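All remarks here apply to the structure that follows.
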Amino acid sequence: MPRYFIWTIGCQMNKAESQRIAGYLDSAGYEAATSFADADIVVLNTCVIRQSAESKVLGTLGLLKGLKIKHTNLKILITGCFVDSDMEGLKRRFPHVDFLFRPGDFSELISWSHEQGVPFVQGASLPAAFSPCAFIPIIQGCDNFCSYCIVPYRRGREVSRPLGEIICEVKELAKRGIKEVTLLGQNVDSYGHNLPGHPDLADLLNELSSVDELARVRFLTNHPKDISLKLLESIASLNKVCEHLELPVQAGDDDILRAMRRGYTVERYRELVHTVRHKVPQISLSTDIIVGFPGETEEQFEHTLSLLEEMKFDVVHIAAYSPRAGTIAWREYRDDVPLEFKKERLNKVETLQSGISSQINSQLQGRQMEVLVEGSKKGKWFGRTRSDKLVFFEDNANRFGQLVQVKIGKTSPWALQGEVVDNGNSQNRT
Ligand code: 5AD
Ligand code: SF4
């Protein structure tokens with residue numbers, strides 16, 4: 001049997017698309033390999049959000065060049081945000097790559113497989129059930145053009161998948177044992193704007209709530225300028241919709257937010273968080289922060305620290321600004337915050353946030369929480385609560401894919417430890 005190996009870096013969207021590609025390869029009779037070295041077909045699903053990610057892609061492409069000299073029949077495919085509109089230029093730069101396709105452009109991939117005489121079966125792309133959780137892209141692309149971000153240039157304009165198609169897919173997955181779906185988009189608040197009848201994310205959540213076998217629905221990422229009251233009400237009222245939001249703020253200073261072209265002020269963001277917490281008191285919140293954006297002064301950075309202190313997010317994803325060729329910030333501003341300042345600011349945010357997360361999580365000690373078990377690691381089962389907290393526990397029974405009630409013991413800023421209380425299936429919203 002021919003074998004495939006898929007190398008994935010980057011966001012959840014890439015992970016979802018890799019699951020799909022694996023589905024196509026399975027349908028064509030391939031089997032998963034454990035490394036590049038024993039694969040006949042290699043797919044690189046790439047990310048270029050920051051230079052560090054792009055460098056990893058270039059390093060891996062270099063490695064594969066060597067491998068292809070030894071293994072001449074090896075087919076190398078590239079997708080993800082490394083693939084820009086200049087396909088011909090990329091082919092010239094990387095002649096050892098057999099096929100490139102834009103992120104999410106599966107029709108191109110299927111045509112290529114037909115040309116190769118190993119046709120992938122359309123519609124056979126449902127992820128294999130190695131996990132009770134599946135990622136479902138609902139909207140591709142982004143129309144926002146935040147000044148630092150390369151994504152709109154690589155993933156193109158927003159295109160929503162028809163509501164009926166998503167519901168069919170989720171129903172099929174639920175029949176196959178999937179208990180939780182995460183709906184994905186760069187900006188899920190734009191979902192449906194360009195579809196007939198203009199359904200929105202709240203409508204989709206409402207429909208998905210009636211899929212019997214499904215226990216949980218999540219979605220990411222929201223945009224603070226677009227999230228609606230209707231959506232917050234859906235989270236509050238629909239039992240299956242989990243109480244967690246990814247709400248990237250990026251910075252805590254109005255001038256920086258303006259230069260980033262985020263479309264909101266600190267005050268508006270603050271009011272939004274108050275509204276969210278008022279409507280859904282159990283909500284857990286994650287955010288993204290970029291430190292060292294061009295021109296960011298020490299004082300402006302302090303504003304970000306104060307906002308983090310005030311908001312008390314559950315999780316903060318932190319990145320140092322990385323100029324991306326072609327973006328507005330790259331054209332208009334000099335990357336003038338020295339690397340050592342960026343590192344220092346990154347550390348300051350990390351230290352502050354680990355204290356906050358540690359405090360928030362320690363309050364969960366003694367609480368009983370519902371965990372959906374995703375797998376086991378080092379003799380412990382692990383899974384997530386509705387609020388997206390990672391929980392580990394020991395148990396001799398096979399708990400894979402079950403909803404289990406766990407009493408929380410030890411906590412850290414990143415994870416919780418606990419023990420099973422009963423065999424679960426309760427709708428306890430914690
Ligand atoms: N430099 C640093 N971080 C970036 N992000 C996006 N573009 C850049 C960049 N050029 C971060 C943002 C975004 C997350 C996915 O990646 O915080 O929310
Ligand atoms: Fe990038 Fe902004 Fe779109 Fe997010 S909303 S993908 S940060 S342009």
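Every read-out reported here was derived from the displayed coordinates using simple, explicitly stated rules and does not represent laboratory data. Predicted, not measured: the structure shown is a model, and the values here were computed from it. Heads up, the Cβs are rebuilt from the backbone with ideal geometry, glycines too, and the neighbour counts pull from every protein chain shown.
Shown for Asp189, Asp255: other C-beta atoms within 10 Å of each C-beta, ranked fewest to most, produce the order Asp255, Asp189.
With a cut-off of 14 Å between beta carbons, the residues surrounding Glu267 carry a summed charge of 0, where Lys and Arg count +1 and Asp and Glu -1. Sorting Cys168, Cys11, Cys47 from the fewest to the most surrounding beta carbons within 10 angstrom yields Cys168, Cys11, Cys47. State which stretch of the chain is the longest one without any exposed GluC sites (Glu not before Pro), exposure meaning a DSSP loop state and at most 15 other Cβ atoms within 10 Å. The answer is 1-212. Residues of the chain were split at every exposed loop site, defined as trypsin sites (Lys or Arg not before Pro) in a DSSP loop with at most 11 other C-beta atoms within 10 angstrom, and the longest piece left, sites excluded, is 158-333. If R0 is 22 Å, what FRET efficiency do you get for Glu344 and His317 from their C-beta distance, rounded to 0.05? Result of the calculation: an efficiency of 0.75.
Taking a ≥ b ≥ c as the square roots of the eigenvalues of the Cα gyration tensor of region 109-206, is the shape rounded (a/c under 1.5), prolate (a/b larger than b/c) or oblate? It is oblate, given that a/c is not under 1.5 and a/b is not larger than b/c. Over the chain, the fraction of Cα-Cα pairs per 10 Å bin, rounded to whole percents and listed from the shortest bin up, is 4, 19, 29, 28, 17, 3, 0. Near Gly62, once Lys and Arg are set to +1 and Asp and Glu to -1 for all other residues with Cβ below 15 Å from its Cβ, the sum equals +4. May I ask which residue of Trp381, Gln368, Leu100 lies farthest towards the positive end of the charge dipole of the chain, with charges of +1 (Lys, Arg) and -1 (Asp, Glu) on Cβ and the Cα centre as origin? So the residue we want is Trp381. Straight Cα distances below 26 angstrom link Lys407 to the lysines Lys179, Lys240, Lys312, Lys377, Lys378, Lys380, Lys389, with same-chain residues fewer than 8 positions distant left out. Considering the chain as a Gaussian network with a 10 Å cut-off on Cα pairs, which listed residue, Gly418, Gly197, Gly59, attains the greatest mean-square fluctuation? Fluctuation is largest for Gly197. Each semi-axis of the equivalent ellipsoid for region 302-430 is √(5λ) with λ an eigenvalue of the Cα gyration tensor; in descending order they amount to 38, 17, 13 Å.
Using only the Cα atoms of region 6-99, build the gyration tensor, take square roots of its eigenvalues as a ≥ b ≥ c, and label the shape rounded, prolate or oblate: rounded if a/c is under 1.5, else prolate if a/b is larger than b/c, else oblate. Here region 6-99 falls in the oblate category. Note on region 249-399: with charges restricted to the Cβ of Lys and Arg (+1) and Asp and Glu (-1), its dipole about the Cα centre is near 740 debye. By the beta-carbon count within 10 Å of each Cβ, the least crowded to most crowded order of Ile150, Ile69, Ile328, fewest first, is Ile69, Ile328, Ile150. Model label sites at Asp84 and Ser237, defined 7 Å from Cα along the beta-carbon direction, differ in position by 4.7 nm. Dipole of the chain computed with +1 at Lys/Arg Cβ and -1 at Asp/Glu Cβ about the Cα centre; of Leu74, Gln250, Leu25, farthest Cα towards the positive end is Leu74. Its Cα centre serving as origin, the chain has a Cβ charge dipole (Lys and Arg +1, Asp and Glu -1) of approximately 820 debye. For Ser228, the shell of other residues with beta-carbons less than 13 Å away shows a net charge of -2, using +1 for Lys and Arg and -1 for Asp and Glu.
Computed about the Cα centre, the dipole magnitude for region 1-135 is approximately 400 debye when only Lys and Arg (+1) and Asp and Glu (-1) carry charge, each at its Cβ.
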